[in-house]
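Only the coordinates and a few stated rules stand behind these numbers; no lab work does. As the structure is a computational prediction, the values presented were derived from the model and not from experiment. Cβ coordinates were reconstructed from backbone atoms using ideal geometry, including for glycine residues, and neighbour counts include every protein chain displayed.
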Amino acid sequence: MDRLKGKVAIVTGSTSGIGVGIAKLFAKEGAKVVICGRREAKGQAVVDAIKAEGGEAFYHFMDITQIESIDALLKDTAEKYGKIDILVNNAANVGLKDGRVDELTLEMWDAIFQSDIRGTFYATKNVIPYMRDNKGGSIINIGSMASCGGDLGSTAYACAKAGVDMLTKSTALQYGKENIRCNCVRPGLIVTPENEAYVPQALKDVFLNNIMVNRYGAPEDIANMCVYLASDESEYFTGQVLTVDGGLNAHVSTVGEFKKLKSRTW
């Protein structure tokens, strides 16, 4: 359990959900982890849980929409630990029901883009000098399967996350020769302690009928992939967009309906 031993990792949006799963597994693998988000009490609870398991972590306030808080997060982390090896850009405001093109206002569009791509860009841009000083590092962006194809709604969210996909590739290309890697993980339906009560059973059934495994995703599924991407094991792996969704996007869209008909094809 020391695949990240000696590394310093920032996991944005790690006061709940997927971010907590990533942060806890990073700590178990030996990383010093910075827990950050807007909710101090929740963040400190994650820190306490990590320390109770023998790991090292501290909480730092961060609002992904405020560049000053991102600057402070990077600066304070480097001052405390002397370096930054890993940045996980997980913080975002999920906008799965933001609407159709004709329904969206510019204010709604701008708010989602500010949270879901602008903040990721700014954190990535400003962690690069620290990683350059450190002779390398790993940036992991948390995207979304919403960017895999068109949908009936979630227009702004899907477009913002598609931007994260391309930001990943551009960052990997531009800084790979400096040993700075960048990859993206696109989660499928991830059921967390925070959202479980709010995910309708009908939605769960749709996903379970279309994925290739017999359960929904959990934060640990995303965390396991992130540990690999953060570790030296993946030093030849960069510029990739990985969809961790139980196989949802690995088949044609009609499969779910054919399964209901107990038919292999038309």
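Data table
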quantity	calculated
The stretch 242-261 versus the stretch 60-117: alpha-carbon centroid distance in Å	31 Å
PHE61/ASP133 FRET efficiency (R0 25 Å; Cβ-Cβ; nearest 0.05)	0.55
Unit charges on C-beta of K, R, D, E only; dipole of the chain, Debye	580 debye
Hits among aspartates and glutamates - C-alpha to C-alpha of LYS32 under 12 Å, sequence gap 8 or more where chains match	ASP2, GLU56, ASP85
Cβ-based exposure ranking for MET212, MET225, in which fewest neighbours within 10 Å come first	MET212, MET225
Residues ASP102, ASP151 arranged by fewest to most Cβ contacts within 10 Å	ASP102, ASP151
Among the listed pairs LYS83/LYS125; LYS135/LYS161; LYS83/LYS161; LYS42/LYS169; LYS28/LYS177; LYS28/LYS80, those beyond 26 Å (Cα-Cα)	LYS135/LYS161; LYS83/LYS161; LYS42/LYS169; LYS28/LYS177
